[in-house]
1. Tell me, what does the Kirkwood hydrodynamic radius of the range 20-72 come to in angstroms if you use every pair of distinct C-alpha atoms?
2. What nm distance separates the two modelled labels at A68 and T146, each placed 7 Å from Cα along Cα→Cβ?
3. Which of the peptides 65-75, 48-58 is most tightly packed, and how do the rest follow, judged by the mean count of other Cβ atoms within 10 Å per residue?
4. So what's Rg/Rh here for the range 27-180, counting alpha carbon atoms and using the Kirkwood radius for Rh?
5. Provide the gained length on full extension for the span L127 to Q98, in nm with one decimal, where the gain is 0.36 nm per separating residue minus the Cα-Cα distance.
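No value in this document is a laboratory result; all are computed from the given coordinates. Keep in mind it's a predicted model, so treat the numbers as computed, not measured. We place every Cβ from the backbone using ideal geometry, glycine too, and count neighbours over all the protein chains shown.
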Amino acid sequence: MRTISAIALCLMLVFATTGCAASKIAVVDPARLFQESEPGKAGIEHLKQLEAAMQEQLKTAQGMIEKAPNDEALRARFQKTFVGYQQIVNAEQQKVVQQINGLMQKTLEDFRTKNGYSVIMNAEGLLAFDPKSDVTKEVIAEMDKTKVTFAPVKLEPITAAPKADDKAAPKADAKPEAKK
């Protein structure tokens, strides 16, 4: 009976250690994936261009308000327009983040499968890990193989007077052009 118990215990230990040895774990820094990958940089540049266009419109509006400081209708129209611009910028930020996150998830899953990892964990949430398990650079290299584009967003220009056919405040409509 002792012999059978000893053999059973040995078999359990062998199977337990075999299962543990098969697990391969990696870690990545998602912030670096977004900031250092070419798709992430393209997204950041796209948003910077949109914000620069908005700032240019703001300068134009400030110039018009300085010329007519007592025109409350003009101020109200510009205020409404800039609220619309901010909504456009927020929506575009969400689109960029969603597109980059989608690419990041697909790349991580492909990388995990291709390299035999059981799991890839977020390095930011770990208290300690072996730096050899960090595959952030390798995943960035994989992400860089994918070209991403963002449709340009055109802000409606600010004018001093409302359009003849539109007595209300001009709207800040996003008019994305076709993707290249």
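1. Its Kirkwood hydrodynamic radius stands at 15.1 Å.
2. Once both label points are built, they end up 4.9 nm from each other.
3. The densest-packed peptide leads the list: 48-58, 65-75.
4. Result for the range 27-180 is an Rg/Rh of 1.18.
5. 7.7 nm
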